[in-house]
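All of the numbers you see were taken from the coordinates with simple rules; none came from a lab. Since the model is a prediction, treat every value here as computed from it, not as a measurement. Cβ coordinates were reconstructed from backbone atoms using ideal geometry, including for glycine residues, and neighbour counts include every protein chain displayed.
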Amino acid sequence: MAIRSDVAFFGHPRGLATLFFTEMWERFSYYGMRACLVLYMVAPVSTGGLGFPTARAATIYGLYTGSVYAMSIPGGWMADRFLGGRMAVLLGGIGIAAGNGLIALGSESVFYTGLVVVALGTGLLKPNVSGMVGALYSERDPRRDSGFSIFYMGINTGAILAPLLCGYLAQRVSWHLGFATASAVMILGLIQFLGFRSSVAHVGQRPEPRRVGDGNAHAPLTAGEWKRIGAIGVLFVFSAVFWMSFEQAGSSLTLFAEQLTRKNLLGFAFPSSWFQSVEPIFVVSLAPLFSWIWLRAGERQPSSPSKFAWGLASAVIAFCIILYGSTLTTAGPVSPIWLVLVYLFQAIGELLLSPVGLSTTTKLAPRRMVGLMMGVWFFSIATGNYMAGFVASFYRPGAGALLAMFGFVAAITLVSLLILTLLIPFMRRLMGDVR
């Protein structure tokens, strides 16, 4: 456990730097593949794509992205019981690199195998690298939320660069080169993690073997711990709704960008996948501000459920904007400003909800179950992705169909916002002294 005197990385423990860059390259790999995935599936076979109908491609996208996060539950459990966080991150990275390499080969049968291998690898890496970030701080260290905001900058730096490079290579050179680049970058991330592993030597250790009769291994949960787990469960529901709306970015909003949005700037025509860099650009730009706000507020900052509610409110605004933009498509491709505004409010919502959710889960989870509870948190994202894929399967380019689909997303998110607002006092009681 790092002490507060460890301020080697912008006032935070030096291990944060290692985990920051590990996650940055892993997210580059993920978002590079994500930027190409739906477009690759719907592209005609004559252009090197798979030629899938839109509904099939959206369903596969939702199942894949959902499975990526669903695998965090067994991945977190494996780390808690057998592997430890560091080994889980290493094995997960190897799986991610191998899976993207299989997709790059171009065969449809190998394509599905690659998706499965990437999902398994991400399930090992994703919850455990986040759990290791939480382990760098004591439970009452006021730097924790700020540290997760900085960590989130690493996630989104990778997300900015990935569509620009992988998307360009995939759409303008070869689909398979885009996926191969995602694989190569994950290998770079593993090299970095191994090279600086000494900075995280005190976290993510392999657990001691558990023996029958060992009271520490089988200690029952206390009433207070059950309440905290219950709070994680409630936040799970509203997290899933947020990600259902957010993950339209890789499916319906990507198709909206490709089919119904002007893709040129000052005479330069750019690939539609580049729109997926806009939201993380906003996140990286705004993350220092949010980090400063939480540090400045200290003990006076809003509770985690309140931050969740604000995040849902931002998502509602984003889909009200795209609803209006959809009404303009009858006159031809619309200005890119509509998607830019959508991504601005999605970024604000993400910063209010996602790093806060990561931090809050590490605070609420019993110490012997951090990996598993991080898996539960990521399963909320999985659930949101499954729902996102189902909703996006109804995407059609007509204005009426767009209004129905985007309107449904906005309505569900608004209702969830109202319910969470009413539940905030109850949530505070469940969470006890955790904010």
If each residue's Cβ is checked for other Cβ atoms within 10 Å, how do Lys227, Lys307 rank with the fewest at the top? Lys227, Lys307
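If we count other beta carbons within 10 Å of each Cβ, what is the order of His218, His176, fewest first?
Numbers: His218 10, His176 17.
By the 10 Å Cβ count, ascending, the order reads His218, His176.
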Mind ordering 281-293, 178-190, 41-53 by average Cβ neighbours within 10 Å, highest first? 178-190, 281-293, 41-53
Inter-part distance where the range 10-69 and the range 405-433 are each reduced to a Cα centre, Å: 28 Å
Show me the trypsin sites (Lys or Arg not before Pro) within the range 234-302 that DSSP assigns to loop and that have at most 10 other Cβ atoms within 10 Å of their Cβ. none
Find the eigenvalues of the gyration tensor of the Cα atoms of the range 341-435, then list the square roots of 5 times those eigenvalues as equivalent ellipsoid semi-axes, largest first, in whole angstrom. 31, 16, 12
Apply 1/(1 + (r/R0)^6) to the Cβ-Cβ distance of Ile191 and Phe268, taking R0 = 45 Å, and write down the FRET efficiency to the nearest 0.05. 0.85
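Quick one: Cα convex hull volume of the chain, Å³ per residue?
133 Å³
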Taking the Cβ of Ile232 as the center, what net charge do the other residues with Cβ under 12 Å away carry, scoring Lys and Arg +1 and Asp and Glu -1? +2
If you add up the charges near Gly375, with Lys and Arg at +1 and Asp and Glu at -1, over every other residue whose beta carbon is less than 10 angstrom from its beta carbon, what do you get? 0
What is the fewest-to-most order of Glu299, Glu225 by other Cβ atoms lying within 10 Å of their Cβ? Glu299, Glu225
Who wins for biggest fluctuation among Arg27, Arg56, Arg140 in a Gaussian network model of the chain, springs between alpha carbons below 10 Å? Arg140
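Net charge near Gln171, counting Lys/Arg +1 and Asp/Glu -1 over other residues with Cβ under 11 Å of its Cβ?
Values: positive: Arg172, Lys263; negative: Glu258.
After counting each charged neighbour, the total is +1.
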Among all the lysines, which ones have a C-alpha under 20 Å from Lys126's C-alpha, if same-chain residues fewer than 8 places away are not counted? Lys363
So which helices of the chain fit the span-like rule, where a helix is a whole DSSP H run, its Cα atoms reach 30 Å or more along the axis, and its mean Kyte-Doolittle is at least -0.5? 15-42, 108-135, 175-195, 223-246, 304-327, 337-364, 370-392, 399-431
Over its Cα atoms, what ratio of radius of gyration to 2.2 N^0.38 Å does the range 29-98 give? 1.41
